[in-house]
1. Restricting to Cα atoms and excluding each atom paired with itself, what does the Kirkwood estimate give for the range 189-275 in Å?
2. With both bridge residues required to lie in the chain, what share of the DSSP beta bridges run antiparallel, to the nearest 5%?
3. Can you compute the charge dipole magnitude of the range 196-322 about its Cα centre, using +1 on each Lys and Arg Cβ and -1 on each Asp and Glu Cβ, nothing else charged? Give it in debye, rounded to the nearest 20.
4. With angles folded into 0 to 90 degrees, how steeply does helix 255-267 sit against the dominant principal axis of the chain? Use alpha carbons for both and round to 10.
5. Return the ratio Rg/(2.2 N^0.38 Å) for the range 258-365, where Rg is computed over Cα atoms only.
6. Starting from the residue with the highest accessible area, list Asp68, Asp101, Asp40 in decreasing order, probe 1.4 Å.
7. Ranked highest first by the average count of other Cβ atoms within 10 Å around their residues, in what order do 256-263, 358-365 fall?
8. In a Gaussian network model over the chain where Cα atoms closer than 10 Å are linked, find which of Trp267, Trp155, Trp298 has the largest mean-square fluctuation.
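The values are calculated or read from the model by the stated rules, or taken from the named source; none is laboratory data. Quick caveat: nothing in here was measured; it's all calculated off a predicted structure. For neighbour counting, all protein chains shown are included, and Cβ atoms are generated from backbone atoms with ideal geometry for every residue, glycine included. Just the protein is used for accessible areas: all its heavy atoms, side chains included, with ligands, DNA and RNA removed. Shrake-Rupley method; radii C 1.70, N 1.55, O 1.52, S 1.80 Å.
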Amino acid sequence: MGMPSLPSSPSSPSLPWGKVPRELSARVPAEQRGPGRGRDSVRLLVSRGTEVSHHAFRELPGLLRAGDVLVVNTSATLPAAVDGRAGSAPVVVHFSTRGDDGRWAVELRDPDGRGTTRARAGGPAQTEVGLPGGARLVLEEPLAGSDSGAGGRLWWARVSGAPVARVLGEYGRPIRYSYTTRDQPLAAYQTVFALPSADGAGSAEMPSAARPFTARTVAELVSRGVWLAPVTLHTGVASAEAHEPPYPERFAVPEASARLIGAARSWGGRVIAVGTTAVRAVESAAGSDGVVRAAGGWTELVVTPERGVRAVDGLLTGLHEPEASHLLMLRAVAGRAAVERAYAEAVRERYLWHEFGDVHLLLPG
């Protein structure tokens with residue numbers, strides 16, 4: 001068995017308006033939007049309950065307190081998109097998640113020259129896809145347990161003829177979608193916290209909440225007494241058109257980080273997760289008593305308002321599509337009224353969405 005089945009779909013996370021205006025999509029990284037700009041040249045929307053304020057991301061260290069703990073995801077982004085051919089048809093293969101049995105959960109998509117934006121049905125079983133470097137991919141079975149259509153998009157596949165790590169390393173590129181202007185180098189999709197995994201695992205899509213952090217930001221946070229607790233969660237594909245609940249993903253919360261998160265409570269610090277991936281990892285390691293213990297493996301946890309959060313006090317995250325399941329997590333952390341107030345303000349003030357966009361800090365009211 002590669003990984004657990006998909007959980008059932010949670011309640012609808014929809015916000016009370018339609019799609020985010022197209023012009024609010026961040027099309028290139030912040031550092032490419034003008035001279036003198038860096039990764040940290042994005043805006044920061046801050047919610048304290050339903051109170052909203054506007055800041056530059058570079059102000060983040062001054063908005064936190066000595067004793068706060070930032071939980072950061074160390075998963076590195078993979079060059080997970082590879083061109084191939086299914087018979088005579090060109091396809092793009094998205095390598096999503098590596099299973100314990102050596103297979104990969106993959107998605108086939110139709111190329112259109114603007115990012116691999118159109119999903120296609122993966123089957124039937126035993127469909128072969130030729131990959132560069134003499135590799136061959138064979139679809140074996142749909143990812144089981146989905147009642148939302150993801151089973152038609154994601155398939156378990158086995159690769160022969162070349163190691164997957166070599167195929168990705170030599171021929172892969174980061175996954176991108178059509179709201180971006182062009183392909184970017186892999187470095188643009190790595191965060192300052194990213195660490196290569198010894199077994200070749202990583203994230204199919206960037207844990208993007210941490211993208212604005214720079215070495216200078218980290219140094220200033222540490223100098224102000226803010227602690228960093230590294231965890232790992234390898235995120236799979238998160239295609240915007242499907243709005244499925246999160247897939248099962250591999251995670252690890254090390255002993256040192258678990259102890260640091262626990263200690264924050266004793267000295268009055270707040271535990272603030274950098275990204276929804278960090279929330280999923282920490283909450284997967286938190287017991288019903290709220291204590292975080294070292295843990296790892298596969299997590300199927302979907303954080304909803306009904307389940308709530310046990311260990312996390314706040315969240316730094318990007319801006320999510322109106323029907324993304326991530327919004328359920330935001331409501332679990334801050335409440336529905338706070339999320340709706342913040343998103344109305346983000347639209348009104350023309351904040352930028354997606355992985356190269358602005359960020360949102362949710363703190364206790």
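1. 14.9 Å
2. Counting only bridges with both partners in the chain, antiparallel ones make up about 70 percent.
3. Once rounded to the nearest 20, the dipole reads 600 debye.
4. That helix lies at roughly 20 degrees to the long axis.
5. The reported ratio for this selection is 1.09.
6. Listed by decreasing accessible area, they come as Asp101, Asp40, Asp68.
7. 358-365, 256-263
8. Trp267
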